[in-house]
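Here's the structure, in structure tokens; my notes come after.
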Amino acid sequence: MSGFDKVVTSYDDAMDGLKDNMTIIAGGFGLCGIPEGLINQVKKMGTSGLTIVSNNCGVDGFGLGVLLEDKQIKKMVSSYVGENALFEKQLLNGELEVELTPQGTLAEKMRAGGAGIPAFFTATGYGTPVGEGKEVKEFNGRPYILEESITGDFAIVKAWKADRYGNCVYRHTAQNFNPMAATAGKITVVEVEEIVEPGELDPTQIHTPGIYVDRVIQGTFEKRIERKVLAKEER
Amino acid sequence: MSGFDKVVTSYDDAMDGLKDNMTIIAGGFGLCGIPEGLINQVKKMGTSGLTIVSNNCGVDGFGLGVLLEDKQIKKMVSSYVGENALFEKQLLNGELEVELTPQGTLAEKMRAGGAGIPAFFTATGYGTPVGEGKEVKEFNGRPYILEESITGDFAIVKAWKADRYGNCVYRHTAQNFNPMAATAGKITVVEVEEIVEPGELDPTQIHTPGIYVDRVIQGTFEKRIERKVLAKEER
Amino acid sequence: MALSRDQIAMRVAKEFRDGNYVNLGIGIPTLAANYVPEGIDVMLQSENGLLGMGRYPTEAEVDADMINAGKETVTAITGASIFDSAESFAMIRGGHVDFTVLGAFEVDVNGNIASWMIPGKLVKGMGGAMDLVAGAKNIIVTMTHADKRGNSKLLQECSLPLTGVNCITSIITDLAVLEVKDGAFHLLERAPGVSVDEIREKTAGKLVVEGDVPEMQLD
Amino acid sequence: MALSRDQIAMRVAKEFRDGNYVNLGIGIPTLAANYVPEGIDVMLQSENGLLGMGRYPTEAEVDADMINAGKETVTAITGASIFDSAESFAMIRGGHVDFTVLGAFEVDVNGNIASWMIPGKLVKGMGGAMDLVAGAKNIIVTMTHADKRGNSKLLQECSLPLTGVNCITSIITDLAVLEVKDGAFHLLERAPGVSVDEIREKTAGKLVVEGDVPEMQLD
């Protein structure tokens, strides 16, 4: 089954084909479950004019935030941004464009992109700035807006374990946007904590079937914690 | 956490509230992964004028097929029907209405119904009888049709294991339409092979979170096989 | 006396029924988890993908892969489930979450809410707020009745960009509990010692007061 | 000589490349799994929710919870994944399956296909066929070139209700391999011993023949 072996051994191979002005869909919520090494590889490559679709944009010096340092990002599609000073500066300077998208709509747009659904109706955002200019249609007397799906030239994903065929499982809430991102890339690259052999993962418990995955790379992760809060008795 | 204990101990309780002319969404593919006891309970109750949304309609004398015997079904929404003689007879007599829906569209309609999406665009069925009378819209130069979602007064689902909070896992390909059905019922009833205590199922490996589930009942299953085919050397 | 943040949270928690699934926004809403009445269990939904959110972790339990929607480290209760963001918002948008509690800048008599954007200030985004107000079965808005300069937050018409329209029915402030219906705020309860006149004065939108308005029970 | 069913399947299997994900319809398409060339591995997708479908089970392996899209008992290969029907059709409709192979009653020069309904006969349904032809990256139609009465199935315009429009590019019959483009059938290969004239005679829709048409290689 060598034709199904998705494992690559260098970050250069993992992100091979990435070019200026492409769109990258990135998994992760805050700093949780982000493909740290793949992001660093994009920084190393110096690719610019990128559109990044991701719920957040990291922090100063970590996660997607590092791509701001050399102004590699042209546009962010996110639900919540600005956790770092550099982002704010580039946004105010007009060096960076932001398309704010409700979190659930963003997740659904990625899923729809991967599932061949070009657009769907949702109540979210109707009557707000998000709904401006979008088609409105009533169903059962309630107005909904039409939202179009998202696909990317690349999807970069962080999984816990993957087998050589690209079957992935995620750990705890590091799952977040990763499974949807994985379906929506023309080329989907998964950075994992552990590569296992086919058969080691229970077939009924796979979060992302390998058919969505093009490349798998063994990563090492810092897993920085954004807001460490302890139980009262430990504070 | 007694408020979250979804377990009921009788089939009467499991299907309490079912009335004539209601819509039931049923999980299962062919005879695989069907809520056998819940179907039999509907037969016992004699409820009539039912709209049943299910990929298939069982066979003569088993599965949803038993609801044909007393003409309880007014309309089937399915992708493939007519595996039994009684179905064919009632259809030709005009006693039964069928809305044929592509299998993928049917699955997506159930998911959308549960997820608050009233309608979505799909390429499936465009230019065919399925697309007749439906809105057409082009995205990236390709025409798509608008399909509306489905919800039911009841959803009847077959799971392998569920805990008392209604968290469910399915076994092998008996998963099929069950997870989507579970999300789309006003009242969702799950019939399971085994009820376990909360904590026994791995939180990251739950197919249907308990929030979708209203009632859980321990069932016994015949699990009839529709087409037993053996490896060549065993034939 | 106007309620403290904790007292508002306390009053919010009295709305919950046994077996409710609840999503709590950042700030006062989060505090409500501390005041769920005895004999009542609720299950907390965190929109990043966790149903059955537990307490904060001990140092030994801290896990970078286990966070809540506020990006704080967290634990899961026994019987929790963890899933992806599309599933999480399917629950929210599909109307499966019983209560959403969230803060707001403004609410108006038509149930419109503004909570995410003040023009001229840096806009960080709406996160999941628009999904939550569009999808939850019951929404409770918690906020102070007026801002620090005394301007009412309960308006005839919201002035800020909206988070959602015609979606708010229930408001719990430091002064009152109100229902939004038929194009007006209906005063249901007063904070202990707060007069109807004071509430009337601090409510810019149409206020309906019928009969004697009872004081809130907080114990 | 017209090809046998197994020979059509053999020719189909030569289209597969190492690492392809393939969905095979009932009938001749299913046979193609037996003829995948040496050195080539494909993974079979079964639209009820199985990626990595294996052989039929032994008596001891038979499991009512393990079936394929034809409702037959089946096994899974090592490294398979099993999922719900929405996920399964997300793969299909999202263009992630490399090849769909399916039968048809008719195909026309515009790539339209009719495969599920003959008016006047009992209509059992389209199952997943409409999703498969709308979504797969590459579709191969397998069928006999003409029906039992000698009527061509390759038409200028389909006469039966359609399964999909403008979606078929590749047809493998008992007589020929054809590409559908620019409003015509383009003859690529002939079955061994079958003349271009015979194919021309049995093709009702516009047929383009350019240069020498090679015979199929089946070994």
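Given the options D:L122, D:L188, D:L155, which has the most mean-square fluctuation in a GNM of chain D, springs set between C-alpha atoms less than 10 angstrom apart?
Of D:L122, D:L188, D:L155, the Gaussian network model singles out D:L122 as fluctuating most.
How do B:K43, D:K148 rank when sorted from fewest to most other Cβ atoms within 10 Å of their own Cβ? Provide the component values of the computation, followed by the final result.
Values: B:K43 16, D:K148 6.
Exposure proxy ranking, most exposed first: D:K148, B:K43.
How charged is the neighbourhood of B:G152? Take every other residue with its Cβ under 15 Å from the Cβ of B:G152, and add Lys/Arg as +1 and Asp/Glu as -1.
Here the count lands on +2.
With 18 Å as the cut-off, how large is the P(r) tail for the range C:84-148, expressed as percent of Cα-Cα pairs? Write down the numbers at each step before the final one.
Numbers: 881 of 2080 pairs.
I get 42 percent for the Cα pairs in the range C:84-148 exceeding 18 Å.
Please compute the contact order of chain B in relative form: average sequence separation of alpha-carbon pairs under 8 Å and at least six residues apart, divided by the residue count, as a percent.
On the way: 534 pairs, mean separation 55.0, N = 235.
With pairs under 8 Å counted, the relative contact order is 23 percent.
Would you please classify the overall shape of the range A:66-210 from the alpha carbon gyration tensor, given that a ≥ b ≥ c denote the square roots of the eigenvalues, rounded means a/c under 1.5, and beyond that prolate means a/b larger than b/c while oblate covers the rest?
Oblate, since a/c reaches 1.5 and b/c is not below a/b.
When each copy gets a label point 7 Å from Cα toward the beta-carbon at A:E194, what are the spacings between them in nm, shortest first?
Taking the point 7 Å beyond Cα along Cα→Cβ, the inter-copy spacings are 2.3 nm.
Give me the log10 of I(q) over I(0) for the range C:5-208 at q = 0.13, 0.16, 0.17 Å⁻¹, as the Debye formula computes it from C-alpha points; what are the numbers?
The Cα Debye sum returns log10 ratios of -0.71, -1.04, -1.16.
Per DSSP H run of at least 4 residues, take -39500 (n - 2.57); add these up for chain D, divide by its residues and hand me the 222 nm value, nearest 500 deg cm²/dmol. If you can, show how the numbers build up before the last one.
Numbers: 5 runs with 35 residues, N = 219.
Only helices count here, giving -4000 deg cm²/dmol.
Roughly what % of DSSP beta bridges within chain B run antiparallel, to the nearest 5?
30 percent
Just from its helices, what would the mean residue ellipticity at 222 nm be for chain B, if runs of 4 or more DSSP H residues each count -39500 (n - 2.57) and the sum is divided by every residue, rounded to the nearest 500 deg cm²/dmol? Working shown, then result.
Details: 5 runs with 41 residues, N = 235.
Calculated from helices alone, the mean residue ellipticity at 222 nm is -4500 deg cm²/dmol.
Between copies, how close do the A:G17 label points come, placed 7 Å along Cα→Cβ, listed in nm from shortest?
When each copy's label point is compared with this one, the spacings are 4.9 nm.
Can you pull the mean other chain C-beta count within 10 Å for peptide C:36-48? Working shown, then result.
Values: counts 0, 0, 0, 2, 1, 5, 3, 7, 0, 2, 1, 5, 11.
Partner-chain Cβ atoms within 10 Å, mean over residues of C:36-48: 3.
Taking amide H positions as placed 1.01 Å from N in the peptide plane, with prolines and chain starts having none, which residues 5 or more places from D:K181, or on another chain, fall under 5 Å of its amide H?
D:H186
Taking the Cα centre of each part, how many Å lie between the range A:166-223 and the range B:75-105?
About 40 Å separates the Cα centre of the range A:166-223 from the one of the range B:75-105.
For chain A, modelled as a Gaussian network with Cα springs under 10 Å, which listed residue fluctuates most, A:C168, A:C57, A:C32?
Looking only at A:C168, A:C57, A:C32, the biggest GNM fluctuation is shown by A:C32.
Can you quote the Å³ per residue value for the convex hull of the Cα atoms in the range D:113-189, rounded to an integer?
Spread over its residues, the Cα hull of the range D:113-189 gives 100 Å³ apiece.
Within 10 Å of each Cβ in peptide A:179-191, how many partner chain Cβ atoms are there on average? Round it to a whole number, please. Mind dumping the intermediate values first?
Values: counts 7, 4, 2, 1, 6, 1, 0, 1, 0, 1, 0, 0, 0.
Averaged over the peptide's residues, the number is 2.
In what sequence do A:E233, D:E15, A:E69 fall when counting other Cβ within 10 Å, fewest first?
So the residues, fewest neighbours to most, are A:E233, A:E69, D:E15.
For the cross-link pairs A:K75/B:K134; B:K74/B:K228; A:K44/A:K74, which exceed 26 Å when the distance is taken from alpha carbon to alpha carbon?
From A:K75/B:K134; B:K74/B:K228; A:K44/A:K74, over 26 Å: A:K75/B:K134; B:K74/B:K228.
For the protein assembly as shown, list log₁₀ I(q)/I(0) at each q in 0.06, 0.11 Å⁻¹, using the Debye formula over Cα point scatterers of equal strength and ignoring solvent, two decimals each.
-0.43, -1.37
Rounded, prolate or oblate: which fits the range C:1-54 when a ≥ b ≥ c are the square roots of the eigenvalues of the alpha-carbon gyration tensor, with rounded for a/c under 1.5 and prolate only if a/b beats b/c? Mind showing how you got there, number by number?
On the way: a/c = 2.83, a/b = 1.41, b/c = 2.01.
It is oblate, given that a/c is not under 1.5 and a/b is not larger than b/c.
Only loop residues by DSSP count here, and only those with at most 11 other Cβ atoms within 10 Å; note down the GluC sites (Glu not before Pro) in the range B:80-177 that meet that.
Hits after loop and neighbour filter: B:E132.
Along Cα→Cβ at 7 Å, what distances in nm separate the C:N34 label point from those on the other copies, shortest first?
For C:N34, the inter-copy label distances come out at 7.2 nm.
What shape does the range B:13-150 take by its C-alpha gyration tensor, where a ≥ b ≥ c are the square roots of the eigenvalues and a/c under 1.5 counts as rounded, a/b above b/c as prolate, and the rest as oblate?
Note, shape of the range B:13-150 comes out prolate.
Just counting partner chain Cβ atoms within 10 Å, what average do the residues of peptide B:74-81 show around their Cβ?
Per residue, the average neighbour count from other chains is 3.
Can you return the lysines within cross-link range of B:K158? Criterion is Cα-Cα under 18 Å, with same-chain partners fewer than 8 residues away left out.
B:K158 reaches B:K6, B:K43, B:K186, B:K223, D:K71.
Could you work out which residue, out of D:P37, D:P119, D:P192, moves most in a Gaussian network model of chain D, that is, has the largest mean-square fluctuation with Cα springs under 10 Å?
Result for chain D, Cα springs under 10 Å: D:P119 fluctuates most.
Using a cut-off of 18 Å between alpha-carbon atoms, which lysines can reach C:K148, once sequence neighbours fewer than 8 places away in the same chain are excluded?
By straight Cα distance, C:K148 reaches C:K121, C:K202.
Between the range C:52-123 and the range D:129-199, how far is it from one alpha carbon centroid to the other, in angstrom?
So the separation of the two Cα centres works out to 54 Å.
Would you please state the base-10 log of I(q)/I(0) at q = 0.32 1/Å for the range C:169-219, with intensities from the Debye formula using one equal scatterer on every alpha carbon?
So the normalised log intensities are -1.50.
Treat the count of other C-beta atoms within 10 Å as a stand-in for reagent exposure and order B:I25, B:I145 from fewest to most.
By the 10 Å Cβ count, ascending: B:I145, B:I25.
At a threshold of 8 angstrom on Cα-Cα distance, excluding pairs fewer than six apart, so keeping six or more, what relative contact order does chain D reach in percent?
Once divided by the residue count of chain D, the mean separation gives 19 percent.
None of the figures in this text is laboratory data; all of them are computed from the coordinates on show. As the structure is a computational prediction, the values presented were derived from the model and not from experiment. Note: ideal-geometry Cβ built from the backbone for every residue, glycine included; neighbour counts use all protein chains shown.
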